[in-house]
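In what follows, a single structure is set out as C-alpha cells and then discussed.
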Amino acid sequence: MSNAERIQIPNPIRPFLKLKAKMESDEKESGLQMEAISSIMMEAVVIDLHYVETGLYGPPSYGMMRIEDEMPNLLEAFNIAKKMSDALRENGNITLTNKYLNIIVGICGALGKFCFTRGYFNYGALFAKAGIEANIKLQRYKEASSQYVYLAQIQQRQFDLNGLEESIIELEKLTTKINDKGIKADIFRMKGNLEFDLKQY
C-alpha cells in the first residue's frame with residue numbers, strides 16, 4: 001500500500017455543466033418567448049390590415065371582435081417586449097433590443113384604429129406614444145410621424161389642445177433628424193387642425 005498522500009481536487013466540470021445548462025435553458029426559453037409574442041403581434045397586424053383597416057377579408061366588426069378577444073395576449077406581449085427592450089438596451093444588445101422594439105411598433109400600430117373606434121382614447125394615446133418612442137429608437141422617423149398624426153387625432157377628439165400643441169412641437173423636432181416633405185405635411189395638417197379648434201380661421 002502506497003504511503004503517498006492523496007490530493008482531492010474539486011471537479012470543476014459539474015458546476016460548469018450546471019451553469020451551461022442553465023444558460024442554454026434561459027436562451028431556449030427566451031427564444032420561445034420571442035417566437036410567441038412575435039406570433040401574437042403578427043396575428044394582430046394581419047387582422048388589423050385585412051379586416052379593421054380595409055375590410056378586404058371580411059367586415060371590420062369581425063376584426064374588432066378578434067382583437068378584443070386577443071387583448072389579454074396583446075397586452076402581455078407588449079409588456080414583455082417593453083421590459084425586454086429596456087433591459088437589453090441597458091446591456092448594449094442592440095440587435096435583440098430592436099427585435100423587441102419591432103414587436104412594440106407592430107402591436108401599437110395594430111391597436112390604433114381599434115382603440116379609436118371603440119372610444120378607448122386614453123389607451124390609444126398611450127399606445128401611440130409607445131409606438132412613437134419605439135420608432136424613434138429604431139430611427140424610423142416617418143413611421144413615428146404617422147403615429148404623431150394618430151395621436152393628434154385622439155387629442156383633438158378629447159379636446160386636449162395643449163397635448164395637440166405639444167405633439168406638434170415634438171414632431172417639429174423630428175425634422176432636425178430627417179428632412180422629409182411628408183413629415184412637414186403632417187405638421188401643417190396638425191397645425192391646421194389646432195388652429196381650427198382654436199377658431200383661428
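The values are calculated or read from the model by the stated rules, or taken from the named source; none is laboratory data. In this text, all values refer to a predicted model and were calculated from it rather than measured experimentally. Positions of Cβ are backbone-derived with ideal geometry, glycine not excepted, and every protein chain shown enters the neighbour counts. Just the protein is used for accessible areas: all its heavy atoms, side chains included, with ligands, DNA and RNA removed. Shrake-Rupley method; radii C 1.70, N 1.55, O 1.52, S 1.80 Å.
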Every residue from the stretch 35-55 that is open to solvent by less than 70 Å² (accessible area, probe 1.4 Å), in contact (Cβ under 8 Å) with a residue 60 or more places away in the chain and over 19 Å from residue 130 (Cα atoms): 47, 52
Number of positions in the stretch 151-201 that are polar (S, T, N, Q), surrounded by 14 or more Cβ atoms within 10 Å (Cβ to Cβ) and more than 24 Å from residue 137 (Cβ to Cβ): 3
Any hit, the stretch 134-145, residues being assigned to a helix (DSSP H, G or I), open to solvent by less than 50 Å² (accessible area, probe 1.4 Å) and closer than 21 Å to residue 76 by Cα: yes
Residue 177 vs. criteria charged (D, E, K, R), modelled with pLDDT under 95 and on the phi < 0 side of the Ramachandran plot: yes
Residue match in the stretch 35-46 (condition: within 25 Å of residue 183 (Cβ to Cβ), of a type outside the set (Lys, Arg) and outside any helix (DSSP H, G or I)): no
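Does the stretch 183-193 contain any residue that is out of contact with any Lys or Arg (no Cβ under 8 Å at 6 or more places or on another chain) and in a loop (DSSP other than H, G, I, E, B)?
no
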Failed condition for residue 117, given (1) out of contact with any Pro (no Cβ under 9 Å at 6 or more places or on another chain); (2) over 26 Å from residue 195 (Cβ atoms): (1)
Residues of the stretch 56-97 classified as buried (at least 17 other Cβ atoms within 10 Å of the Cβ) and closer than 20 Å to residue 141 by Cα, total: 3
Complete set of residues in the stretch 95-121 that are closer than 17 Å to residue 72 by Cα and part of a helix (DSSP H, G or I): 103, 104, 106, 107, 108, 109, 110, 111, 112, 114, 115, 118
